[in-house]
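S.K.: Before we start, here is the structure in question, set down as structure tokens.
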Amino acid sequence: MKIGIVCYPTFGGSGVLATELGKALAQQGHHVHFITYQQPVRLSGFIPNIFYHEVQVPKYPLFDYPPYETALASAMVDTIKNHDLDLLHVHYAIPHASAAYMAKKILEQEGRNIPVITTLHGTDITLVGKDKTYAPVVAFSINQSDVITAVSNNLRDETYQNFPIEKNIEVIYNFVDVERFRRKPIDAFRKVISPNGERILLHASNFRKVKRVQDVVKIFNEVRREMPAKLLFVGDGPERQMAEELSRNLGVSEDVRFVGKQEQMEDILAIADLFLLTSDYESFGLAALEAMAAGVPVVSTNAGGLGEININGKTGFMADVGDVQTMSSQAIHILSDDATLQTFRDNAAAHAQLFDIKNIIPQYEILYKRFCKQY
Ligand code: GMT
């Protein structure tokens, strides 16, 4: 099949998922055309069946806000026509679903029907999407998609609660390439981070408010009272400075390291002992699933779809949003002895298998084939 994929090309979960999906589809022999405003971060190197079309948004002095959505819809039309695409799969509703609707209508006038699949990822529904500024367009364009998928049952339910959606929303879980994340730790790297064998706690995110990174620092502070430990922060974003300040105020900054945005998450996860995800909401929590695939247990909140991946008491633990005390005790319990940690590690790795790329990609292929009967 010839598949167009539209996503945010950044480190966010939706972009990562869309890129990994495209790469996996290309490996199956499909032709995958990424239509994005810059090269997606996980799309490095040359992959024969992958094509990249950059959306150019010209800046004119007249525009305070260059019309990205218009440029994107035009790039979609152009790519679909010139490369004879079979379908368009857009990740994240805003503004991808409405741009896809526009492209679809333009192509209809030329006698071409292009099926549009919209995958909802989370904040496009729960935070940004339901904001009155965007809501009518989001609801309309989701309803106009030929197929709607959500990355968890929770996100499907949230979408129905927040928008007047008339169509069926299918749930296709996010996935992880289990093989890729099953890495041996690089000893030299582990020694740099934890020279005396301290436990390594990890958090990775875009440091937005929804992640509650202050809770990560507070939990680490409690753990460190009980055992030697280090905290690694991966990623960057608006709340990073606050996390740095808090770790200084709590007197733990010597043991906290901010390593910025990283592409090789598997190497970092390979040295970690525990992943912390303290979010107000996660539709799914792809970062936590990647941790589990690397055999790293997760202590998280029970918000959104996190309970669909993190099994309380088995792959890690969950607690209410903001309940730092409980999450600290849970982290201490997992890390307190090697045997307990190993049990949680094994359970996390085993559970992640359910979400292996090999199990999920066929679900997307089946969905695409509904529209591409010739394949
Ligand atoms: O978490 C973010 O702020 C990034 C966001 C995105 O759109 O990239 O992540 C969302 O999509 C991911 C992939 O489906 C999910 O794993 C995240 O849970 C979801 N984030 C939220 O719901 C807050």
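The values are calculated or read from the model by the stated rules, or taken from the named source; none is laboratory data. Since the structure is predicted, the reported quantities are computational estimates derived from the model, not experimental observations. Cβ sites come from the backbone with ideal geometry, for glycine too, and all protein chains shown count toward neighbours.
S.K.: Using the structure shown, decide if V171 is within 16 Å of the ligand (Cβ to nearest atom) and either touching a Pro at 6+ places or on another chain (Cβ under 8 Å) or farther than 29 Å from N310 by Cα (or both). Full working, then the answer.
M.R.: Values: within 16 Å of the ligand (Cβ to nearest atom): yes; either touching a Pro at 6+ places or on another chain (Cβ under 8 Å) or farther than 29 Å from N310 by Cα (or both): no.
When the stated conditions are applied, V171 does not pass them.
S.K.: Okay, next question. Taking into account only those residues within region 263-277 that are within 16 Å of the ligand (Cβ to nearest atom) and of a type outside the set (F, W, Y), which is farthest from F317 (Cα to Cα)?
M.R.: Narrowing region 263-277 to residues within 16 Å of the ligand (Cβ to nearest atom): 263, 265, 269, 275-277.
Filter again for of a type outside the set (F, W, Y), leaving 263, 265, 269, 276-277.
Values: E263: 27, M265: 22, L269: 18, L276: 10, L277: 11 Å.
By that ranking, first place goes to E263.
S.K.: Moving to a separate point now. From the set of residues in region 125-178 that are charged (D, E, K, R) and touching a residue at least 40 places away in the same chain (Cβ under 8 Å), which is surrounded by the most Cβ atoms within 10 Å (Cβ to Cβ)? Break it down into steps so the answer makes sense when it comes.
M.R.: Filtering region 125-178 down to residues charged (D, E, K, R) leaves 130-132, 146, 156-158, 166-167, 170, 177.
If we keep only those that are touching a residue at least 40 places away in the same chain (Cβ under 8 Å) as well, we get 146, 158, 170, 177.
Details: D146: 18, E158: 22, E170: 14, D177: 16.
Result: E158.
S.K.: Select from region 83-136 the residues that are more than 23 Å from the chain's Cα centre (by Cα) and of a type in the set (F, W, Y) and list them in ascending order.
M.R.: Step one: of region 83-136, the residues more than 23 Å from the chain's Cα centre (by Cα) are 83-86, 101-115, 132-133, 136.
Answer for region 83-136, where residues must be more than 23 Å from the chain's Cα centre (by Cα) and of a type in the set (F, W, Y): just Y101.
S.K.: Can you go through R225, R257 and tell me which one is surrounded by fewer than 19 Cβ atoms within 10 Å (Cβ to Cβ), part of a helix (DSSP H, G or I) and not aliphatic (A, V, I, L, M)? Quick ask: steps written out before the conclusion?
M.R.: Numbers: R257 fails: part of a helix (DSSP H, G or I).
Unique residue meeting the criteria: R225.
S.K.: When only residues in region 1-29 that are in contact (Cβ under 8 Å) with a residue 60 or more places away in the chain and over 26 Å from N206 (Cβ atoms) count, which is farthest from the ligand (Cβ to nearest atom)?
M.R.: Restricting to residues being in contact (Cβ under 8 Å) with a residue 60 or more places away in the chain and over 26 Å from N206 (Cβ atoms), the top hit is K2.
S.K.: Would you check if there is a residue in region 8-23 being touching a Leu at 6+ places or on another chain (Cβ under 8 Å), of a type in the set (D, E, K, R) and surrounded by 17 or more Cβ atoms within 10 Å (Cβ to Cβ)?
M.R.: yes
S.K.: Continuing with the same structure: Name the one entry in Y92, Y60, Y65 that is aromatic (F, W, Y), in the same structural domain as P136 (by TED's automatic domain parsing) and within 16 Å of the ligand (Cβ to nearest atom).
M.R.: Values: Y60 fails: within 16 Å of the ligand (Cβ to nearest atom); Y65 fails: within 16 Å of the ligand (Cβ to nearest atom).
The unique qualifying residue is Y92.
S.K.: Restricting to region 278-299, name every residue that is under 14 Å from the mean Cα position of the chain (by Cα) and within 9 Å of the ligand (Cβ to nearest atom).
M.R.: Selection gives S279, Y281, E282, S283, F284, G285, L286, A287, A288, L289.
S.K.: Which of the following residues is in contact with a Ser or Thr (Cβ under 8 Å, 6 or more places away or on another chain), over 26 Å from L289 (Cβ atoms) and either outside any loop (DSSP other than H, G, I, E, B) or within 16 Å of the ligand (Cβ to nearest atom) (or both): V137, V217?
M.R.: Working: V217 fails: over 26 Å from L289 (Cβ atoms).
When all the criteria are applied, what remains is V137.
S.K.: How many residues are of a type in the set (K, R), under 23 Å from G13 (Cβ atoms) and not in a helix (DSSP H, G or I) if we restrict to region 140-191? Working first, answer last.
M.R.: First, pick out the residues of region 140-191 that are of a type in the set (K, R): 156, 167, 180, 182-184, 190-191.
So of that shortlist, the ones also under 23 Å from G13 (Cβ atoms) come out as 156, 180, 182-183.
From the residues that got through so far, the ones that are not in a helix (DSSP H, G or I) too are 182-183.
Residues flagged as of a type in the set (K, R), under 23 Å from G13 (Cβ atoms) and not in a helix (DSSP H, G or I) within region 140-191 amount to 2.
S.K.: Can you pull out every residue in region 310-324 that is part of a loop (DSSP other than H, G, I, E, B) and either crowded, with 20+ Cβ neighbours inside 10 Å or at pLDDT below 95 (or both)? So that I can check it myself, show each step before the final result.
M.R.: Filtering region 310-324 for residues part of a loop (DSSP other than H, G, I, E, B) gives 310-311, 313-315, 320-323.
Residues satisfying the conditions are N310, T315.
S.K.: Right, something else. Can you tell me which residue among K132, K104 is in a loop (DSSP other than H, G, I, E, B) and either of a type outside the set (F, W, Y) or not assigned by TED's automatic domain parsing to the domain that holds T19 (or both)? Can you show your working first?
M.R.: Working: K104 fails: in a loop (DSSP other than H, G, I, E, B).
Going through K132, K104 in turn, just one is in a loop (DSSP other than H, G, I, E, B) and either of a type outside the set (F, W, Y) or not assigned by TED's automatic domain parsing to the domain that holds T19 (or both): K132.
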